[in-house]
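J.: Sharing a structure below in structure tokens format, with a few things to ask.
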Amino acid sequence: MARSLDLVDTLVASGREDFTFEEARIILGVPSPATAKVLRQLREQGLVDRLSRGHYAIRPLGLLGTSATADDLPLAVAAAFEGRQHRIAYLSALGELGLLTHPARTVTVACTQQVRRDHLGRRPLRVVIERSTTIHVGTEAIGRSWRSCVERAVFECALRVDLVGGPEALASALQRAASTMRARRLAPLVNAFGPRGVAAERRLASLARALDFPLDLGPRVSPTRPIIRLDPRDDHIEWIDREMRVAWSTSLDELRAVVEN
């Protein structure tokens, strides 16, 4: 017991929030089996949480008994994706930014390569493969991890409406983000994703204008441009925004009712 508490004291005194198995072995000065026993005791006592194989986090005293995956998502993601280009993205980014009405249980991470895991702690994990040229466009560093900024989080949800639950979820997130978003920060994202980026911008502009959100998105759309869908998965057309050339699968009144409630 004393040995395990000495390990925690040493790490806390050095300002550490997470550590590896090898670091614990060196601090303890004991063989690997003994180190594994100490770490198992700490986990049972609720003092540390296992983030991934060989990587642990110290639980803040005010949060004992809860999982570090829930309390500090960037820390858990950094441990699981160490050495890989990645980004906390889509619904997970919206949740971290306070733009969701209900927290998303599944952790969504964009990464340049697949990982051999489907859970992060006790939460399901979804990995979205992305190119290295776009993975960190519009992101901010959070410790040793990265997260989509407000503009990137909303933009990528318009890019992949299927990953956020449809136009209703996109409209709700845009409504919450509109007052803090800066339209000029979308330009690098639109350019990075080419035609797909232009389509995402048109979806956001259509929602913002039709629903009277305080966000000035003004892409010029030629009346000869093909009509795109607000929800690419849904062929039903309820209403067409002729200015942005976007077909909605739900009526304007129905979507307005969603964001007003």
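The values are calculated or read from the model by the stated rules, or taken from the named source; none is laboratory data. Remember, it's a predicted structure, so these values are computed and weren't measured experimentally. Here the Cβ positions follow ideal geometry from the backbone for every residue, glycine too, while neighbour counts run over all protein chains shown.
J.: Search the stretch 137-158 for residues being of a type outside the set (V, I, T) and crowded, with 24+ Cβ neighbours inside 10 Å, and hand back the single one that is farthest from T101 (Cα to Cα). Steps first, answer last, please.
T.: Kept after step one, since they are of a type outside the set (V, I, T), are these residues of the stretch 137-158: 138, 140-141, 143-149, 151-153, 155-158.
Then drop every residue that is not crowded, with 24+ Cβ neighbours inside 10 Å, which leaves 146, 148, 152-153, 155-158.
Working: W146: 23, S148: 18, R152: 19, A153: 15, F155: 18, E156: 18, C157: 16, A158: 18 Å.
So, considering only residues that are of a type outside the set (V, I, T) and crowded, with 24+ Cβ neighbours inside 10 Å, the one farthest from T101 (Cα to Cα) is W146.
J.: Six or more apart or on different chains, Cβ atoms under 6 Å: show the pairs whose first residue is in the stretch 37-52 and of a type outside the set (A, V, I, L, M, F, W, C) and whose second is assigned to a loop (DSSP other than H, G, I, E, B) and crowded, with 18+ Cβ neighbours inside 10 Å.
T.: The qualifying pairs are D49/R59; D49/S67.
J.: If we only count helices (runs of 4 or more DSSP H) wholly inside the stretch 58-116, which ones have 3 or more residues that are at pLDDT below 90, touching a strand residue (DSSP E or B) at 6+ places or on another chain (Cβ under 6 Å) and surrounded by 15 or more Cβ atoms within 10 Å (Cβ to Cβ)? Write out each step before concluding.
T.: Numbers: elements: 68-71, 73-80, 90-96.
Ranges flagged: 73-80.
J.: I'm checking my understanding of the structure. Among residues of the stretch 1-57 that are among the small types (G, A, S) and not in a helix (DSSP H, G or I), which one is nearest to the chain's Cα centre (by Cα)?
T.: So in the stretch 1-57, the residues among the small types (G, A, S) come out as 2, 4, 13-15, 24, 29, 32, 34, 36, 46, 52, 54, 57.
Next, from what is left, pick out any that are not in a helix (DSSP H, G or I): 14-15, 29, 46, 52, 54, 57.
Working: S14: 29, G15: 26, G29: 38, G46: 27, S52: 18, G54: 24, A57: 20 Å.
That would be S52.
J.: State whether the residues of the stretch 189-211 include one that is more than 21 Å from the chain's Cα centre (by Cα) and not in a helix (DSSP H, G or I).
T.: Among the residues of the stretch 189-211, at least one is more than 21 Å from the chain's Cα centre (by Cα) and not in a helix (DSSP H, G or I), which makes the answer yes.
J.: Follow-up. Within the stretch 212-261, which residues are within 27 Å of R184 (Cα to Cα), without any contact (Cβ under 8 Å) to a residue 60 or more places away in the chain, in contact with a strand residue (DSSP E or B) (Cβ under 6 Å, 6 or more places away or on another chain) and part of a loop (DSSP other than H, G, I, E, B)?
T.: Residue satisfying the conditions is I227 alone.
J.: Give me the pairs: first residue in the stretch 80-105 and among the β-branched types (V, I, T), second residue in a helix (DSSP H, G or I) and surrounded by fewer than 24 Cβ atoms within 10 Å (Cβ to Cβ), beta-carbon distance under 7 Å, and six or more apart or on different chains, which are they?
T.: These pairs meet every condition: I88/L73; I88/P74; I88/E96; T101/S172.
J.: If we keep just the residues of the stretch 207-253 that are surrounded by 14 or more Cβ atoms within 10 Å (Cβ to Cβ) and among the charged types (D, E, K, R), which is nearest to L163 (Cα to Cα)?
T.: Of everything passing the filter in the stretch 207-253, D231 is nearest to L163 (Cα to Cα).
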